[in-house]
Structures are given as structure tokens and as C-alpha cells.
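The values are calculated or read from the model by the stated rules, or taken from the named source; none is laboratory data. Nothing here was measured: the structure is a model prediction, and the numbers come from that model. Virtual Cβ from ideal backbone geometry, glycine too; neighbours counted across all protein chains shown.
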Amino acid sequence: MQAIKTTDLTIRFGKFTAVDRVSIAVEQGEIYGFLGPNGSGKTTLIKALCGLLSPSEGTGTVLGMDCVKQADEIRQHVGYMSQKFSLYEDLTVKENIEFYAGVYGLRGDYLRRRKDDAIAMTHLEPYLDRRAGKLSGGWKQRLALACAFIHEPKLMFLDEPTAGIDPVARRDLWDLLFQLSGQGVTFFVTTHYMDEAERCGRVGYIYLSKLIANGTPDELKEIPEASPPGTRRIEIITSQTSNALAAIKRKSYVHGATIFGQSIHLLMDNQIGLDKVKADLAADGFTEAEMFPIKPSLEDVFVTLTNSLKE
Amino acid sequence: MKATDQQPTRSNPFSGLVPVLRKEAIHISRDPSALFFTIVLPMIQLLMIGFAINTNVRRIPTAVYDAAQTQESRRLLDRFVNSDDFNIVKYVFSEEELNREVIAGRARVGVKIPPDYSRRLLAGQSANYLVLVDGSDSSVAGEALNVSNAIALRESLERSLSVTSVRQALPIESRPKILFNPDSKSANFLIPGMIGVLMQMMTVLMTAITIVRERERGTLDQLYMTPVKPLGLMIGKAVPYAVVAYAELLILLFFMRWAFGVPIRGSIPLLMMLCAPFILTMLGIGLLVSTKAQTYQEATQMAFGTMMPSIFLSGYIFPIENMPAQFQFISKIIPTTYLIQIFRGVILRGAELQDLWQQGAILTGMSVLMITIASLRFRKKAG
């Protein structure tokens, strides 16, 4: 059984189409990354999958349950965590966990066991009596996760779970996600971070309400639209990246150029040889540049797809 | 599925009520400053209104120009003084001076007795005296007019019946007896109404803010993703604030009784019972405000917006009977109007359920209506 399956799911608000004929399938135990610019329809799709919005057209099932008819049951079996770490700051860690446990109707031994598990999983033990508002960002996120996971959901929606937290906490969270997905929990994660997208089993990219890419990160890098016909990508390593970027951008055979740390990623006509690029850079005074062909990164793929749709 | 065995699938429309209620109670207990202001601020308002405001007109500052300077004119002025409505602050000696006193605001009323006052009286002709009334304060003007007319009338009657020399009663004497508030104390009239208005403000504001705060923090979106149902959420949030509203009511009643000596003639349990539909209606309005307002500021403004009609059109200060028909209609759809009738009835007149069941029934109808509208809007918002 697939954890999520949608067929031509469409959601309209009046004349505005927020989600346009999106079809995705997420396998159980998979970590599915859902990317797209702000306002492209990510949160709307999550709301529809939880039965908070009815699809204008198309269908969706979550854990085998219909998104419209069985919305109540779906909400009992999925977890949701948003970027805001929606916690009650004047309640203690323990009270927050107990509140969500109550909301999901946990009782008796099961309640005690789940509380212990959630606390152990997130290492919140030392902070149980601290007010949630007094926790640092990373700990707030752990608490939010403990709350969202208290009822042992089979599927978790994480809406930009790592926005605004430090890299160590980010890494810890992902380690936890992999551990849980190994136990069969499915994750539907929205993010703006490409390194997180690379970690996902499969990735969807939504732009202007339409799903324009869907597959494993490696598959997406191979899709023909990622590199327009007659182009290729190269990486240039130079010590003066920003000046070199300005110089190379002006060349007529260059379609796009971006800085990645100490290097420049270039999308260029594949007729042009590397020698030509090297010579042009040398002519502009960048003599010690090294270059070699590369595969597109996920970011390259999304930027190219977005730009081709803009045109 | 494993989860299904351990957790009953609940399609209970009140799902989430108990945890929300418990959480809300913790919120209230964690925020003593808010609680302090919801209880203490109304008490301060009560003290200010109770001590400072007196709508009864007494001892109106009066200037006198007695051009007659006779026994009769002095007798007339004595009547003014003895009425206790007038306080002669200045004797002047020309009409300009009299006018000046009134224009300058040193006197609200100017009395001029013309030089021929006594002569005309003794000649059996109609004598007149002039009463200048400053109309800029309508309640003072009205009082001055009534009392000065009454004085003239009484003086005329006594003269024409020649009861002056021998102390003898007039044929007809009105003996008004003011029931329930014998001293016509403003506090007795205002405070019960004020408690109604304060209850409205606190209940609407508290309920609206508690939900808008969750919206601002994003916890409301989170709750929508859980099995919590709108009805469970609404009631869970409303009940703790209803308890606070009742506590506030009792405190205000206590103050009214012991600080202002306003007697409670009726039954307090009856008062509490008749308050229930009012509090529910206000909780409904608060919830409705919360579905419209996106921010704390908006919620506060809207809550205060609902206050204006309740202050001016509920009969709290201005009698409904004096309003034009269309405003009388508006006052009939304001819940506070009925609460104030209930308060004044039970507290001042000792009214019982049989006297006030209509108000109770109307409020119950209103509460059902408001809660229904609020929960429908809430459901829509959640979806």
C-alpha cells in the first residue's frame, strides 16, 4: 500500500488554482522531499491530504484512506509539524507533550509508553519541566517532533522542519528521520535546502501549482529538461570567483552562471570547447582557472526548470 | 493497522474538548498579570464610576438679581434655597452682571426678580420673575426648569388660596415615594448596568484573544491537523473563560455590595443562572471576532467596537424609552440590554424568575444563535 497517492489532485480558491493536477505516489517508509518556491502550493497540498481542504478535482488517498471521506481517521493516524514549531510557549515540555497526547486520545499504559518513547527518542528528559518558550531552536524542534509523533503516526508531514535552526540540529533531525523511516514511518518533507533534498528517497518539485519534476535525485539530474538541448555544464575553479563570474557571463555562449563556494557552475553551448572558455578567461586576466564537465546539481535542475517555464 | 487497535477512532464532534480545556486553564494560571487585569481593571473602573459619577442634579450654582428687595421676593428666594436644588452663589445688582455670571459659567442659573414683583402681587396682578438657564448641560437645565416652575406654581397656589398667614395645607399634595432607590443614588442605578458592560468586555476580549493568539503562533494550524473538532476546541476554550467571567461577576457584586452599599434584594443564584446565556452569547461573539481578526490588535479593536452600542444603547446610562424608534429597535437586539434589565431587576427590585423569564429566554435564544454562527464560521475556517 502506498502511504500517499494522488491522481490529478486540483484545488482551486475561486479563480486561483493553488494545486494543479498533481499526481504523486509515496511508498511506505519513504522520505519524500517536496520542494518549490513559497506560495507554489506545498502547504495547500498537505492540507488537502489531511482533509482540511476538499479537492476541486482529482482524488487523494492517505494510508489507504480517502482524503475527503475519511479525513477524521487520517488525522488520527498522521503527524504534522510546521516550521513554526507550533508549541505553547507558556506550557512546559511535559505539558506540551501531554496536551498532544490528550488531543490524540491516548490513554493508560499506551499513553505512558508513548510519552516515555517520545521523550527518549528526542532526549528531552532533562528539560521536561522547562517552559517551551525557554528552549533553544533545536530543542523546540525536537519537542515539536515529539508532540507530532506522540500517537505513533505511520506518516508524518514535516513542513519546512529545519527552517531557521542550526546545522547540528539539522543533522540530528535528519538522523532521526532516517532512523524512523527505517522503522517504516513515511515522511513527506517540504524544504528549501538542496542538501536535504539530496537526502530524500524521492523528490517532487512544484512550481506555479504544477508538479514539474518527480523522481529520485539522480533521476532528476538525468532528465533532458535539466539541461536545455545543445548545452552542457562545467565547473570552473578560480580564486576570483565573483570577478570571473562577471566576465564570463558576458560571453554569448553562456546561458547561465552561478557561484558555488570557490567555483562557478556554467551552463553553456556544448559546441564550445573548454579551451575556448579557458582562453576567454585568460584574456580577461583570470589565468589560473581550472575547469571540468559536471552533472547538474538538484539546484541546477530546479533553477533550469523554473527558468524554462518563466520563458 | 496496529495504531487502530490501541486508539479508538473517534468521530465525536466534541473531540479534543478535555485536553483543550486543561491546557487553557494552565494558560490562565501561567499568566497572572492577564488575570490580574481582567479582575482588577474592572474593579478600578467600578470604583471610579461608583465614587465619581453622580447624575443627580443637586445644588445648582445660582446667581440672583433681586431688583425688588421686598419681603415677597425674599420669600421666593428662600423657596429656591430650601429646595436643595439651587445654591445661591452670588447676589448681583444688574441684569448685565447676571448674564455675565451665567456666560462665565460661574452660575448655571440666574434668577431675576423685577422691581415691580411685590407691587403686582399685592395689586392682584400677575407677577413674573425671570429664570435664565444654562442649557449647555441638559440634565442641569431640565432639573432647573422643573424645579423653578414647581416653585412658581406652589407659590401661586399658596397665594391664591391665601394659605400664607395661617399654616394650612394645600388641597392636593403629591407625595412621591421612590421605590428601591429611595435616595436616587446614581451608584445604585449605574453599577448593576456597569457590571453587565464590564462582563461583556472581558468575555468577548478574552475569548477572541485566546484564539487569535493561537493563530498568530501557528498552533491553530497545528490543531486543525489533529483530530480536534471545532466544537471541542471552542467549548474547551470557552469553559475556562466562563469560569473567570463568573468569578469576576462575584467579585464585582461583592464590591458593589460592600464598597458602595448597593443592596442586593433578589437571589444571587438566580442572577448567576440568568447570566449563563449572556456569557454564552458573549463567548460566541468573542469566537466570531476571532474568526475575523488575524492579529491581537485587530481582535482588541473589534472587541471594543462591540462595546459602543452596549454602552450607549443598552439603557446602561441613557434610558431606552427616550430613544427614537429605530434606536429602540437596536437596543432590543443588544444582549447587554437584557442583562442590565436582569441585573437591575434582581439587585435593585428583588425581581424573581417569573418577572424576568422573558429576558432569560431572549438571551438563551441569542446564545444559541451566536454559538451556532460562530461554530459554523469556525468549521469553515478550519476547512
Is region A:105-115 home to any residue that is part of a helix (DSSP H, G or I) and within 7 Å of chain B (Cβ to nearest Cβ)? yes
Does region A:1-30 hold any residues that are under 17 Å from the mean Cα position of the chain (by Cα) and among the acidic types (Asp, Glu), and which are they? A:GLU27, A:GLU30
Counting only residues that are within 7 Å of chain B (Cβ to nearest Cβ) and surrounded by fewer than 21 Cβ atoms within 10 Å (Cβ to Cβ), how many does region A:75-87 have? 1
Checklist (1) touching a residue at least 12 places away in the same chain (Cβ under 8 Å); (2) under 13 Å from A:LEU143 (Cα atoms); (3) at the interface with chain B (Cβ under 7 Å from one of its Cβ atoms); (4) part of a loop (DSSP other than H, G, I, E, B) applied to A:ASP90, failing item: (2)
How many residues are out of contact with any helix residue (DSSP H, G or I) (no Cβ under 7 Å at 6 or more places or on another chain) and closer than 30 Å to A:GLU299 by Cβ when one looks only at region A:31-78? 16
Subset of region B:24-33 [without any contact (Cβ under 8 Å) to a residue 60 or more places away in the chain and in contact with a helix residue (DSSP H, G or I) (Cβ under 7 Å, 6 or more places away or on another chain)]: B:ILE26
Residues of region B:223-272 being of a type outside the set (Val, Ile, Thr), surrounded by fewer than 20 Cβ atoms within 10 Å (Cβ to Cβ) and outside any helix (DSSP H, G or I), which ones? B:PHE260, B:GLY261, B:PRO263, B:ARG265, B:SER267
Search result, residues across region B:139-160 that are closer than 17 Å to B:LEU76 by Cα and either of a type in the set (Val, Ile, Thr) or at pLDDT below 75 (or both): B:VAL147, B:ILE151
Which of the residues that make up region A:135-172 are among the aromatic types (Phe, Trp, Tyr) and within 11 Å of another protein chain (Cβ to nearest Cβ)? A:PHE157
So which helices (runs of 4 or more DSSP H) are wholly in region B:1-116 and hold at least 1 residues that are within 14 Å of chain A (Cβ to nearest Cβ) and modelled with pLDDT of 85 or more? B:17-30
